[in-house]
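Here's the structure we're looking at; comments come further down.
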Amino acid sequence: AVAQQYASTGDERFKQRVDYIVHELDSCQQYFVNGFIGGMPGGDRVFKQVKKGITRSAGFDLNGLWVPWYNEHKTMMGLNDAYLLAGNKTAKKVLVNLADYLVDVLAALTDEQVQTMLNCEFGGMNEALAQVYALTGDKKYLDASYRFYHRRLMEPLAEGKDILPGLHSNTQIPKIIGSARQYELTGNLKDERIAEFFWTTMVNHHSYANGGNSSGEYLSTPDKLNDRLTHSTCETCNTYNMLKLSRHLYEWTGDPKYLDFYEKALYNHILASQHPETGMTCYFVPLAMGTRKDFCDKYNSFTCCMGSGFENHSKYGGAIYSHGSDDRSLFVNLYIPSVLTWKEKGLKVRVETVYPENGRVTLKVVEGERQPLALNLRYPVWAGEGIVVKVNGTKQKVTSKPGSFITLERKWKAGDRIELNIPMNLYTKEMPDNADRRAVFYGPTLLAGALGEKEIEPIRGVPVFVSPDKQVCKYIHPVNGKPLTFETEGLGYPKEVTLIPFYNTYDQYYTV
């Protein structure tokens, strides 16, 4: 997280903190001599047991130690980011030494012993070891990454079977990211099938309106979500990982459906998971009626979702732009105020917008000699007809449809200006198993009924929408002078409701 903050901001304090952490980890590793480091008491002892073939697990622990492989995955990827994003060369040395230690732990184990061990939550160890292979070119790390191929999960997914019901959601997602990374490094089509089928199944059959998934951390029957709106929906780690997976799939395919999901989950789960005043994050983002969010504190709740939560809010710049493999095309994936510096092309582009408050976006070419480039602007799947695109004040003909890209090809130069106006409207999304339970959106933004800071009487005290007309949006009106704020008229029962962005609910009770 700190390395990503440094990459995002350039603030030297983050670089200093990265260097300090890596130095301390290096000291710990030298003390252990054999290469071990790990943030869990007794880790070296347990891994020595595993090396002898002694493995037992109740699902999360390994020989009584809580998720040691998960811990090592996070440590390894943190060292990877310290090296790649913050330029700390010692981090690579520590990472490779740790990888050597862990490869040695597995070396003498039979495949049956490894599969038994994989019944514990192991994070994305396949991703971590594949990444060490990418950094070193040494195939022993790639081979070791495939030892974390969990047959019980992976084989059915490769065959197109949804075996997710009843499984712990975030135990599975990092494994799939590992398969995605292995596919990128090997071209193994089985890994590709696993990643794509998993993503499609999770997004289309196991996810809520805000892009999150799971209740009480677990998945259930596909397309059966109506009775699973609880105080423990949408573990934040899950969506952190689904965004990582979506980026991999988009980079392979260029398919904007992955970006449409990415945007939905980014604004309506990730942004909604942080308290805007304290910076504290949520473990769960609850969707129960008349609930409110519980945020961690600084010293007493250092959970997985606090760790990934730190990362989440350092990564908003990570998927805004992409370029094509021909280096002659630029893709604007997300409409987030930002500056792109494409050094190889001598190009600098600025995006100015208050999106998602409205759909007006301005792109300015700040620097650049005249050069041919295909500029691709995402046309969101939720957008209505009538999108307007202007280049230097001249309206362009748009033949693209929502859920695709609008391509502008010309020789761009400093001073060029592109104006985009994406039409935003109110609409509803219904539950797959209950058409009368709906979420209200405005453009990409999920809205919630703001119900005040006092706890509400269950059932009777929580307002609902009552109407003989299925077109409920015509009873919802914008509040003048308050962006993304709406009021109901003749719809709310027992009282009318003010709707605000779900990401703006933090101290009050609410209903989505």
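The values are calculated or read from the model by the stated rules, or taken from the named source; none is laboratory data. All of these numbers come straight from a predicted model, not from anything done at the bench. No Cβ is skipped: glycine too gets one built from the backbone with ideal geometry, and neighbour counts run over all protein chains shown. What goes into the accessible areas is simple: the full protein's heavy atoms, side chains included, and nothing from ligands, DNA or RNA. Shrake-Rupley method; radii C 1.70, N 1.55, O 1.52, S 1.80 Å.
Tell me the residue from PRO468, PRO483, PRO463, PRO458 that is under 30 Å from HIS206 (Cα atoms) and either modelled with pLDDT of 95 or more or open to solvent by less than 40 Å² (accessible area, probe 1.4 Å) (or both), please.
PRO463
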**Message:** When you scan region 62-83, do you find a residue that is among the aromatic types (Phe, Trp, Tyr) and over 22 Å from ARG45 (Cβ atoms), even just one?
**Reply:** yes
**Message:** If TYR299 satisfies all but one of (1) farther than 26 Å from ARG410 by Cα; (2) in contact (Cβ under 8 Å) with a residue 24 or more places away in the chain; (3) aromatic (Phe, Trp, Tyr), what's the number of the condition it fails?
**Reply:** (2)
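Report the residue count in region 12-66 for those that are among the hydroxyl-bearing types (Ser, Thr, Tyr) and not in a helix (DSSP H, G or I).
Counting residues in region 12-66 that are among the hydroxyl-bearing types (Ser, Thr, Tyr) and not in a helix (DSSP H, G or I) gives 2.
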**Request:** Test each condition in (1) under 30 Å from ARG460 (Cα atoms); (2) part of a helix (DSSP H, G or I) for PRO286 and report the one that comes out false.
**Result:** (2)
**Asked** Applying the selection to region 421-440, what residues are assigned to a strand (DSSP E or B), surrounded by fewer than 22 Cβ atoms within 10 Å (Cβ to Cβ) and in contact (Cβ under 8 Å) with a residue 40 or more places away in the chain?
**Response** ASN421, LEU426, TYR427, THR428, LYS429, MET431, ASN434, ARG437, ALA439
**Complete:** Here the residues within region 6-42 that are touching a Phe, Trp or Tyr at 6+ places or on another chain (Cβ under 7 Å) and at pLDDT below 95 are ASN34, MET40
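Any residue at all in region 313-335 that is of a type in the set (Lys, Arg), at pLDDT 95 or above and within 26 Å of the chain's Cα centre (by Cα)?
Applying the first criterion (of a type in the set (Lys, Arg)) to region 313-335 yields 315, 328.
Next, only the ones that are at pLDDT 95 or above stay: none.
No, every residue in region 313-335 fails to be of a type in the set (Lys, Arg), at pLDDT 95 or above and within 26 Å of the chain's Cα centre (by Cα).
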**Complete:** In region 33-70, anything under 32 Å from the mean Cα position of the chain (by Cα) and open to solvent by 40 Å² or more (accessible area, probe 1.4 Å) is listed as GLY39, PRO41, ARG56, SER57, ALA58, PHE60, GLY64, TRP66
**Message:** Being closer than 13 Å to PRO423 by Cα and either part of a loop (DSSP other than H, G, I, E, B) or modelled with pLDDT of 95 or more (or both) is true for just one of VAL349, VAL389, VAL398. Which residue is that?
**Reply:** VAL389
